[in-house]
Each structure stands twice: as C-alpha cells, then as structure tokens.
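Colleague: Take this structure first; my questions come after.
Only the coordinates and a few stated rules stand behind these numbers; no lab work does. Because the structure is a prediction, the values reported are computed rather than measured. Counting neighbours? That spans all protein chains shown, and the Cβs are built from the backbone with ideal geometry, glycine included.
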Ligand SMILES: Cc1cc2nc3c(=O)[nH]c(=O)nc-3n(C[C@H](O)[C@H](O)[C@H](O)COP(=O)(O)O)c2cc1C
C-alpha cells in the first residue's frame, strides 16, 4: 500500500519476497558468538527476532572460511555446527514474520595471526593495510600480510560459494556479499593494497575481477534476485590505507555498469561518514546517492546516518528503493513501530556494542505506546 507520508512504511516487492516495509536493518557485528567454534547462539536468535518487524534484516558479517576471521566472537558460516546455529536465528526471525539475509565476508589482510593459529593473514599484496584487528587480547595493529596465490584466490571464491550454500541450508532468505571498507574485496579494489601484476591487479577490470567471480559462483547456488552486495565507496576513515583514490569513481562506475547485468536483489551503498572536500571523491559530496543511481539500474539500498525523516525523503525523491539503518536498531528493536507511531528513539550504549553479553544486546525495551514500556511489544 502507498504511504505518501512515510514511504519507509510501505510494503515492497523484492523479487519474489514481500517486505513488510522498506526499513532494513543493516549488518552489525555484535561479538556475541562467544564460543571457540564461532557458532551463533540462542541469545543471537532472540536479538534478531526482537528486530523482525524490519522489512528485511541483514545479519552481522559472518566468515566464509577460517582464514577470513578478523574480530573476536563473530560467527562463521563454514561448519555444520555454525549452520545449525544459524538455523536458530533464521527460524526465530521467520517465526516473527521477518526476513533475513546472511552477510558473508572475509577480512583478508586486516586479520591477525592471533585469529589464524599464528599464521600470517593473506591479502591481494604483501602490504600492511595499517589497520587494527580485535583479538582476544584487545585491538592489535595489522601486520604485513602474505600475498594470496592465484590458487588461494580461486579457493576463496569457492568458499564464498560454499558459504552461500550453507546460508541456504541454514534457512536464510538470501545473501549479501560484504564488500564494505576493511574487508578483502575493497583491498583488491584499492590501489594502495593491490599491487599485483597478474589478472587480479593493475587495471580496474582486473582489480574488480574477484567481485564478479564471487557473484558468478554464488548465483550457481542462489537465484540472483536473492543475492546482494554492500559497498562503502567513500567511508574509509577508520580502515587504514584503503581510502578513496583517483580511480575510486571510475572503479565504481565500472562495477555498477557490470552489475546491471546481474539482476541482483539490491546493491547496498553506504554514504560518506565525513566531509569529502579535498579528497579524490570530492565530486560525490553533493547528492551522493544520485551518482550511483545514475550508473545502476537495479534496486539501490541507501545507508549511513539515515533518520526517519531523511529515510522517507530519499525514498520520496526516488534516489533509493530501500533504506538501511544500523545503530538505530541497537537500542530500538521496534524501530519500525517507533517510526509508525512517531515514538521517541532510545540511545545505544557504545560500551556494550561488542561485549559478548546479554546486557546492551537483548535488553533494550520496546517503546511505550499508549501505556507502560513493555518487552512484549506493540500489538
Ligand atoms: C556495531 C556495529 C557493527 C557493524 N558491523 C558491520 C558488519 O558486520 N557489516 C557491515 O557491512 N557493516 C557493519 N557496520 C556498519 C553498518 O552496517 C552501517 O553501515 C553503519 O552503521 C552506518 O549506518 P547507520 O548510520 O544507520 O548506523 C557496523 C556498524 C556498527 C555500529
């Protein structure tokens, strides 16, 4: 139904999936898979189920293989046990009438030997990404990684495919490839971390190759309309040397043009987290999402810093089809209802983002709506 005042609350047909609204919960690592096997837990199932009134949930980034790990207590999707754990999550979300995609990622050179049984991480080139990894002993600086061999790149692509298959077994409704800053894919895209001289380095086409190889592999398992990809073309401040360069704009033009042929569920783009003045992508500063809209004909999901007001506005203007919200979902499990009834929003406590505990995770109450605050929620 049309909702001219609040397009965020309109139903949305995403391929053969009917979304209850256009409010998407963005992926958020919350560090609650507090077991050595990195298996999703019942607590996680409860957390996601609490947020099932979103039109679609994107799971936290999950590892496609043991070499992709870069942050403590983040679940994987490469073992049978992990698949079983994810089944608890997808079942709980489905029981509440929600939909959930698995976000599948690999952290590449930004990992740390502490996650890899003492082995060096590997990336496109042997170049330190100059970032940090959250290890069991706290944040540690990244090191100079090994360069991935071609055979390892091919194996990684297959691992994405297997992870996609696993996500299907686990009952997810689709998958989102995690190509946000800090991860392996942007390390291939970036001139500073990719200095390969083979078919994965050099030209824009070569540096972007891995994206299409991963997509081609995954759509052997999933219908393309259930496959999405998330990029943060300019949000790079906290991720070391992978920053926008003079080829970022032509790179994304190339990627989006090619993605036009894929009939994906959506392309998810995060906006700038800072002023772009003086950067090689300054031209994107104004009317950011229109630049991407111009090159991509499929569904576009907009992210970063959106509010109820700006989310409704971008949909009204037709510059995006869906809007995702990250941090607002942390303290507002019933964000959609709060938008609907114009209820005040709660503030999240930054100190409990990654603590591994229930506190600051599943204990944010639903809003008061014509009565007392209730965990049971708004009927
Ligand atoms: C605690 C936290 C964890 C995050 N983890 C992920 C992640 O696993 N994958 C991802 O693509 N983005 C991750 N993000 C980024 C969010 O998906 C989103 O892009 C970002 O928070 C901006 O949206 P917002 O302004 O609505 O919060 C994370 C953000 C936060 C706050």
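Colleague: Using only the alpha-carbon atoms of the stretch 208-351 as identical scatterers, what base-10 log of I(q)/I(0) does the Debye formula give at q = 0.12, 0.17 Å⁻¹?
Modeller: Ignoring solvent entirely, the Cα scatterers give -0.57, -1.07.
Colleague: Would you mind ranking 93, 281 so that the residue whose beta carbon has the fewest other beta carbons within 10 Å leads the list?
Modeller: Placing the least packed residue first, the sequence is 281, 93.
Colleague: While we're looking at this one, here's another question. With the crude spin-label approximation of a point 7 Å out along Cα→Cβ, what separation in nm comes out for residue 297 versus residue 349?
Modeller: The two pseudo-label positions are separated by 5.1 nm.
Colleague: Does the stretch 108-218 come out rounded, prolate or oblate by the C-alpha gyration tensor, with a ≥ b ≥ c the root eigenvalues, rounded set by a/c under 1.5 and, if not, prolate when a/b is larger than b/c and oblate if not?
Modeller: Because a/c hits 1.5 or more and a/b fails to exceed b/c, the stretch 108-218 counts as oblate.
Colleague: How compact is the stretch 38-103 by the rule of thumb for globular proteins, expressed as Cα Rg over 2.2 N^0.38 Å? List each step's numbers first, then the result.
Modeller: On the way: Rg = 11.5 Å, N = 66, 2.2 N^0.38 = 10.8 Å.
The stretch 38-103 yields a ratio of 1.06.
Colleague: Binned at 10 Å from 0, what are the whole-percent values of the Cα-Cα distance distribution for the stretch 97-160, short to long?
Modeller: 21, 44, 25, 9, 2
Colleague: Could you pull the Rg and Dmax for the stretch 7-352, using just the Cα atoms, both in Å?
Modeller: For the stretch 7-352, the Cα radius of gyration and maximum Cα-Cα distance read 18.8, 56 Å.
Colleague: Related question: As an exercise, use a Förster radius of 56 Å and the Cβ-Cβ distance of residue 5 and residue 205 to find the FRET efficiency, rounded to the nearest 0.05. Please list the in-between numbers first.
Modeller: Numbers: r = 45 Å, r/R0 = 0.80.
The calculated FRET efficiency here is 0.80.
Colleague: Using the Cα gyration tensor of the stretch 203-244, with a ≥ b ≥ c the square roots of its eigenvalues, what is the shape: rounded (a/c below 1.5), prolate (a/b larger than b/c) or oblate (neither)?
Modeller: Cα axes put the stretch 203-244 in the oblate bin.
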